[in-house]
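The values are calculated or read from the model by the stated rules, or taken from the named source; none is laboratory data. It should be emphasised that the depicted structure is a prediction, and the values quoted were computed from it without experimental measurement. Methodologically, a virtual Cβ is constructed for each residue, glycine included, from the backbone with ideal geometry; neighbour enumeration extends over all protein chains shown.
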4 protein chains.
Amino acid sequence: MINMDEKTSISELKEKVKKFCEARDWDQFHNAKDLAIAIITESSELLEHFRFKSEKEVDEMFKNPKKRDEISEEMADVFYFLLRLAQKYDVDLASELIKKLEKNEKRYSLEKARGNNKKYDEYKND
Amino acid sequence: MINMDEKTSISELKEKVKKFCEARDWDQFHNAKDLAIAIITESSELLEHFRFKSEKEVDEMFKNPKKRDEISEEMADVFYFLLRLAQKYDVDLASELIKKLEKNEKRYSLEKARGNNKKYDEYKND
Amino acid sequence: MINMDEKTSISELKEKVKKFCEARDWDQFHNAKDLAIAIITESSELLEHFRFKSEKEVDEMFKNPKKRDEISEEMADVFYFLLRLAQKYDVDLASELIKKLEKNEKRYSLEKARGNNKKYDEYKND
Amino acid sequence: MINMDEKTSISELKEKVKKFCEARDWDQFHNAKDLAIAIITESSELLEHFRFKSEKEVDEMFKNPKKRDEISEEMADVFYFLLRLAQKYDVDLASELIKKLEKNEKRYSLEKARGNNKKYDEYKND
């Protein structure tokens, strides 16, 4: 395995995903609608691990190396399709994330959001 | 806005997400099960943009700056919760992605996969 | 197989689902949150059949008896958990459906909605 | 409101959904792929109510009439698109449900499944 880690940039990962897909001539299938379908179906496979499980059971899963690997692989699948969508439609995921965090800094002010599990549009009911 | 871009590493992004969430004392709500729920509900908001739309209509959305921003923001939301899950449970998204690409290199050999929209487990039916 | 068909009422189906689950002592796991997770993960298995497939390929699936059975089974899975949620929390699915159709009669007036794939909240942009 | 209730049969509900959609000339948009997308996006709106909420908070939602109505409406939305898919592709939801319950009677034998939250394919690991 090539030595890569968390220091890898998003653009390097996008490039790898692009090469993988283009070598297989998959551009013809990878339109935004089908990639969004792929993202949600992979998210569902991730969630399915936790269905009908208690919080305690879920935490134990992460301590079991085999189970942990399975869950991590589902996360990679979601990430793969998200990167592919970003690459095909030229969306800068890092900038978009930062932009969203800045927007949420306002929506979820420290004063209102600390220790609170409400969505920002539920604050008005307080 | 801080000057960040696609060159940003995943570990830097994870760090930002961590700081955002910890400042709000959200560790108590951010267990794996609820984060997986968050990932799928945000994926659904992304997909909803394309519901009942033709491939041509979807491609036009990306040319409309306002619509493009809305879609990019949904992608950021999926990414945010994926990073948060990875950060909380110490999953190295970059390594996991590379591992999965390597696994898929074998499952989707160039010979079988080129120009083919089948899932690897459908090949056996050929 | 018991002779049942589309003439069966929802309350009869709910009763069957209830008996099946209670015989297995599953009330303890079947809270609303986990049942909603079950509904979405089964919906995802339904959708997965159509991932990366063209409209023509999807229509052909319904002509293939084996594939048609697989798809119908996924629909049954969604229905099963929806009935179970309705039964456990005493929601009258038939009345709720009628109520929603009446609400949508107004939102999607014949004049605006005919031959139109927009969501009601997009009309304002016309 | 027309007086209907749980005694209503599935075929009557399907007929109502059919009339509603055909009056709006929506057959052209309601292919299986887009209806499956609709089912999952509505399932997600249902699930979103429970995101980051504890089991106790979820149970309290059903005691709050306004919240209960909102949740029931999301359930109706899932049901509406499931009925529409069944109607368009001639799937008999009641028979399919019964068939699936019979299949699961075997998969989840009383002996193995009672009080157990495992999926049938996890039993082998016992």
Report yes if some residue within the stretch D:71-78 is surrounded by 17 or more Cβ atoms within 10 Å (Cβ to Cβ) and assigned to a loop (DSSP other than H, G, I, E, B); otherwise report no. no
Considering every residue within the stretch A:24-35, establish whether at least one is under 23 Å from residue B:94 (Cβ atoms) and buried (at least 22 other Cβ atoms within 10 Å of the Cβ). yes
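Yes/no per residue for (1) free of Cβ contacts under 8 Å to residues at least 60 places away in the same chain; (2) within 23 Å of residue D:17 (Cβ to Cβ):
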position: C:56; (1), (2): yes, no
position: C:61; (1), (2): yes, yes
position: C:65; (1), (2): yes, no
position: C:80; (1), (2): no, yes
position: C:101; (1), (2): yes, yes
Please verify whether the stretch C:81-93 includes one or more residues that are within 27 Å of residue C:10 (Cα to Cα), among the aromatic types (Phe, Trp, Tyr) and within 14 Å of chain A (Cβ to nearest Cβ). yes
Does residue A:46 meet the test of being closer than 22 Å to residue B:83 by Cβ, in a helix (DSSP H, G or I), under 17 Å from the mean Cα position of the chain (by Cα) and within 14 Å of chain C (Cβ to nearest Cβ)? yes
Can you confirm whether residue D:34 is more than 8 Å from every other protein chain (Cβ to nearest Cβ), over 16 Å from the mean Cα position of the chain (by Cα) and at pLDDT 95 or above? no
Can you tell me which residues in the stretch C:6-43 are among the β-branched types (Val, Ile, Thr), closer than 28 Å to residue D:15 by Cβ and not in a loop (DSSP other than H, G, I, E, B)? C:10, C:17, C:39, C:40
